[in-house]
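Enquirer: The structure is given below, and queries will be raised subsequently.
Nothing in this text is a laboratory measurement; each read-out follows from the coordinates by a stated rule. For clarity, every value in this text was computed on a predicted model and none was experimentally measured. So basically every Cβ, Gly included, is an ideal-geometry build from the backbone, and we count neighbours across all protein chains shown.
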Amino acid sequence: MINPIQIKLNDLNANNISHRMRIINGGDNYKLIGLSHKISEAENINWLDGYEKDSSKKLFVITYGEKPCGLIGLTKINQSAGSANLFIVNDGRYKNKGIGSRAMDLVITYAKNKYGITSIFLTVKDKNTVAIDFYKKLGFKEIKNNPLENELEFVLNI
Ligand SMILES: CC(C)(COP(=O)(O)OP(=O)(O)OC[C@H]1O[C@@H](n2cnc3c(N)ncnc32)[C@H](O)[C@@H]1OP(=O)(O)O)[C@@H](O)C(=O)NCCC(=O)NCCS
C-alpha cells in the first residue's frame, strides 16, 4: 500500500528535467499523450528553455518518497478567465497504485490556491480508456468530442 503523504510535487527545473524525457519516452506513454515520436535529449533541453520563459505553464515531477514517478502540470493558465489545462503522465512502474489520483488532487488544489483557477480542462485521445476512466472517476465531465483529432475534451469545475 502506498502512503499518500509521501507523494509530492516538485517544481520542474534543470535539475530534474531528465525525468521528463524518461517518463514521456517510457513504454507507450509518448503515444498516449499524443506525440508521434519519442523525444530526444536536445528536444528536452530546448523545451525547458521555452518553459522557463512561459508563465502560462507550471509543471512538476511527481515523487513518491525520493523516487521520481510521474510528470503533472498546468498549461494555458489564464488567471483572468480562471482556467487552465492539465496533463499527467506516470512512469509505468508506478501506475495503478493511487499515485496519479493523489497527484491530481495536489495539482488541482495548487491551481485553485495559486492562480484562482475554477475550471480545469484537458484533452485525451479517444482510445485512451485508462486515462478517460481515471479522469471520470475524479469528476471530470466530457464536454466535447473532436473525431478529426480522435480527441475528447473534459472539464472539472472546482
Ligand atoms: C492515467 C494515469 C496518469 C493514471 O495514473 P495512475 O497513477 O495509474 O492512477 P491511479 O493509480 O491513481 O488510478 C488508476 C487505477 O488505480 C486504482 N487505485 C487507486 N488507488 C489505488 C491503490 N491504493 N492501490 C491500488 N490501486 C489503486 C484506481 O482505482 C484506478 O483503478 P481503476 O482503473 O479501477 O479506476 C496513468 O495511467 C498514465 O500515466 N497513463 C499514460 C499517460 C496518459 O495517458 N496520460 C493522460 C494523457 S491525457
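Enquirer: One residue is enough: does region 88-97 have a residue meeting the conditions of a type outside the set (Lys, Arg), part of a helix (DSSP H, G or I) and within 12 Å of the ligand (Cβ to nearest atom)? First the steps, then the outcome.
Expert: Within region 88-97, the first condition is being of a type outside the set (Lys, Arg), and the residues that meet it are 88-92, 94, 96.
From the residues that got through so far, the ones that are part of a helix (DSSP H, G or I) too are 92, 94.
Of the ones still in play, those that are also within 12 Å of the ligand (Cβ to nearest atom) are 92, 94.
Taking every residue of region 88-97 in turn, at least one turns out to be of a type outside the set (Lys, Arg), part of a helix (DSSP H, G or I) and within 12 Å of the ligand (Cβ to nearest atom).
Enquirer: Continuing with the same structure: Of the residues that sit in region 118-128 and are near the ligand (Cβ under 9 Å from one of its atoms) and more than 20 Å from Ile77 (Cα to Cα), which one is surrounded by the most Cβ atoms within 10 Å (Cβ to Cβ)?
Expert: Start the filter on region 118-128 by keeping residues that are near the ligand (Cβ under 9 Å from one of its atoms), which leaves 122-125, 128.
If we keep only those that are more than 20 Å from Ile77 (Cα to Cα) as well, we get 125, 128.
Working: Lys125: 16, Asn128: 19.
Once the filter is applied, the top-ranked residue is Asn128.
Enquirer: Further question: List pairs: first in region 77-105 and of a type in the set (Asp, Glu), second outside any helix (DSSP H, G or I) and crowded, with 17+ Cβ neighbours inside 10 Å, Cβ under 7 Å, 6+ apart or cross-chain?
Expert: Final answer for the pair search is Asp91/Cys69; Asp91/Gly70.
Enquirer: Taking the condition of being of a type in the set (Gly, Ala, Ser) and not in a loop (DSSP other than H, G, I, E, B), how many residues in region 5-23 meet it? So that I can check it myself, show each step before the final result.
Expert: Kept after step one, since they are of a type in the set (Gly, Ala, Ser), are these residues of region 5-23: 14, 18.
Retained after the next criterion (residues that are not in a loop (DSSP other than H, G, I, E, B)): 18.
Adding up the residues that qualify gives 1.
Enquirer: Under 8 Å between Cβ atoms, which residue pairs at least 6 apart in sequence (or on different chains) link something in region 123-139 that is outside any helix (DSSP H, G or I) with a partner that is within 6 Å of the ligand (Cβ to nearest atom)?
Expert: That search, which allows pairs on different chains as well, returns Val124/Ala131; Lys125/Leu32; Lys125/Ala131; Asn128/Leu32; Leu138/Ser101.
Enquirer: Additional query: So which residues in region 58-101 are charged (D, E, K, R) and buried (at least 19 other Cβ atoms within 10 Å of the Cβ), if there are any at all? Before you say what the answer is, go through the steps one by one.
Expert: Of the residues in region 58-101, the ones charged (D, E, K, R) are 58, 66-67, 76, 91, 93, 95, 97.
Within region 58-101, Lys58, Asp91 qualify.
Enquirer: Tell me the residue from Ala111, Ala131 that is more than 9 Å from the ligand (Cβ to nearest atom) and buried (at least 16 other Cβ atoms within 10 Å of the Cβ), please.
Expert: Criteria check complete, one pass: Ala111.
Enquirer: Separate question: Looking at (1) near the ligand (Cβ under 8 Å from one of its atoms); (2) within 12 Å of the chain's Cα centre (by Cα), which one does Leu106 not meet, given that it meets all the others?
Expert: Of (1) near the ligand (Cβ under 8 Å from one of its atoms); (2) within 12 Å of the chain's Cα centre (by Cα), only one is false for Leu106: (1).
Enquirer: Right, next: Restricting attention to region 19-40, which residues are crowded, with 18+ Cβ neighbours inside 10 Å and more than 15 Å from Ile72 (Cα to Cα)?
Expert: none
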